[in-house]
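None of the figures in this text is laboratory data; all of them are computed from the coordinates on show. Predicted model only: the values in this text are computed from it and were never measured. Please note: Cβ atoms are built from the backbone with ideal geometry, for glycine as well, and neighbour counts cover all protein chains shown.
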Amino acid sequence: MTRHCRLTVVVSLSLFATVAAWSQQARAEQMQDMMEQAQRMQDCINRLDPAALDVLEAGGAAVDKEIKALCAAGKRDRAAERSAAYGRELAASPEMKALGECGELARQMLPQATKAAARGKADAAAGHVCDNP
């Protein structure tokens with residue numbers, strides 16, 4: 001083997017080892033970042049008031065029942081108005097704002113979930129509240 005070939009092999013192997021080490025370190029840093037993000041999300045969730053979330057859940061179930069009754073009675077416009085009004089109420093509530101912050105942390109961790117949620121919003125926006133089961 002000529003000196004030039006040996007030098008090429010040594011440089012190539014050194015480059016490969018350097019790239020492999022960099023790749024492993026980058027993955028370790030990414031894993032550390034994901035773990036820190038998961039901890040921030042868990043801390044956010046732990047700050048939520050379970051009783052307030054129960055109230056939101058009960059209120060949502062009541063409004064859902066009301067909207068379904070309006071739809072069944074053929075009052076589509078009123079159902080749409082009630083749905084929009086409840087959406088505004090939720091958006092203004094401190095609990096939903098806090099929950100939204102936790103959700104944002106989750107979206108940052110899961111880019112694919114963000115894309116699926118955006119598709120779901122687009123699907124919901126295309127229809128009427130009475131047409132969505």
Straight-line reach check, LYS75, cutoff 16 Å on alpha carbons, 8 or more apart in-chain or any other chain, hits among aspartates and glutamates -> ASP64, GLU66, ASP131
With +1 at each Lys and Arg Cβ and -1 at each Asp and Glu Cβ, the charge dipole magnitude of segment 38-103 around its Cα centre, to the nearest 20 debye, comes out at 320 debye
The local net charge around CYS44, scoring Lys/Arg +1 and Asp/Glu -1 for residues other than CYS44 whose Cβ lies under 14 Å from its Cβ, equals -2
Proxy exposure order for LEU105, LEU56 (fewest C-beta within 10 Å first) is LEU56, LEU105
Quick calc: nm separation of the 7 Å Cα→Cβ label points for GLN30 and ALA73 -> 5.5 nm
